[in-house]
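Notes to accompany the following structure.
Each value in this text was obtained by applying a stated rule to the coordinates, not by laboratory testing. Keep in mind that what you see is a predicted model, and the values were worked out from it rather than measured. Cβ atoms come from the backbone with ideal geometry, glycine included; neighbour counts cover every protein chain shown.
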């Protein structure tokens, strides 16, 4: 299938873009691999020590240039969301149905995962595990949840920004980019790092907005030479910011809080993906890649939510093994440590895949006909975001996990219909609302 055919199928809604699905699945795998390499476990006389193996390590910078896939993930999220919304609207669906489906798809598996983690932390404390170790485990678990909160916000706002894109595409993305750069400038000028957290909205929304340009065919319509020049220019500007000290060459360091350097990464990745789109689409239809994306696509959120609990369990098991056998664990970043990483990575991927296989039914559950109330949907998204932010700011403990589960459950309830809403639903063909909601949830 050529780019022209891909663009046609995207516009008419006749087929999914398996190439884009394949790249998104690779992004999920990249996140799992990156986080797996960050786990460092050693045992000292004082007991087990859990740390970020990449702290101060020289290898993280070049590795981050390969595995910092979050900018591309948000671009693809914008592509998929814009395409899904347009297809559903062509079938008579609404933006409210899109938002309700997104809340359901993202929040439902999180409720179960956070609840299980809260129970496990309680069991560890009740069985005498030192509270400081449990606190570290809770902190490490909560760190990747920033993605859930931010992606939820971006997807909830997607219909509004999609409408802005249709009316004024260049002005909308320019304002988002300019604001992200201004936030970085203010942060650097004042020395107040907290200002950078405003870019949790502006950087990722700008990258999602870039995905709209990809979805409507504007990027693919550029000449091959133009796309090469744009991508190369983004890399050149990014490199100059490293040389001048504006941004860290460690792209992982540029994610907390996010900086405008990630916008340049997203532009470079998007141009590269556009240039290779035909080839990637062909690869995605080969037997092995096809099985890979078929497995990951309906389980992406489950994989993301469960890979960190798997890593923490493996880290704890490694510490217990060392303490009971007396076998010394290799120092993180040492030669011995790197020799054990292939087995470590294979085990992480296998265990996470096994859990995803068992629990994917939670993520796959279909949303009922959504509420008609925009106010309820806004409240649902706000409550869900607050629940995740609470875990990030306060930390994941048995109490905060319980509170988060209550809030996320409330978010799901608000995104579902009340009997009065369902009775008052505008006249349509039977089942059209539920059908369109299911279609949006699949994307």
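Per the Kirkwood formula applied to alpha carbons, segment 3-442 shows a radius of gyration over Rh ratio, Rg over Rh, of 0.97. Kirkwood radius, segment 272-323, all distinct C-alpha pairs, inverse of mean reciprocal distance: 13.8 Å.
Of the peptides 265-276, 115-126, the ranking by mean beta-carbon count within 10 Å, highest at the top, reads 265-276, 115-126. A Förster distance of 41 Å, applied to the separation of the beta-carbon atoms of residue 358 and residue 185, puts the FRET efficiency at 0.30.
Comparing segment 214-356 with the 2.2 N^0.38 Å rule of thumb, its C-alpha radius of gyration ratio is 1.42 (two decimals). One Cα centroid belongs to segment 374-394, the other to segment 284-351; the line between them spans 30 Å.
A convex hull fitted to the Cα coordinates of segment 87-233 yields 163 cubic angstrom per residue.
Over the chain, dividing the summed -39,500 (n - 2.57) contributions of all DSSP H runs of at least 4 residues by the number of residues returns a 222 nm mean residue ellipticity of -25000 deg cm²/dmol. Put the Cα centre of segment 25-82 next to the Cα centre of segment 95-128 and the gap is 22 Å. Relative to its Kirkwood radius, the Cα radius of gyration of segment 323-398 gives an Rg/Rh of 1.20. Comparing Cα centroids, segment 209-242 and segment 137-190 end up 19 angstrom apart.
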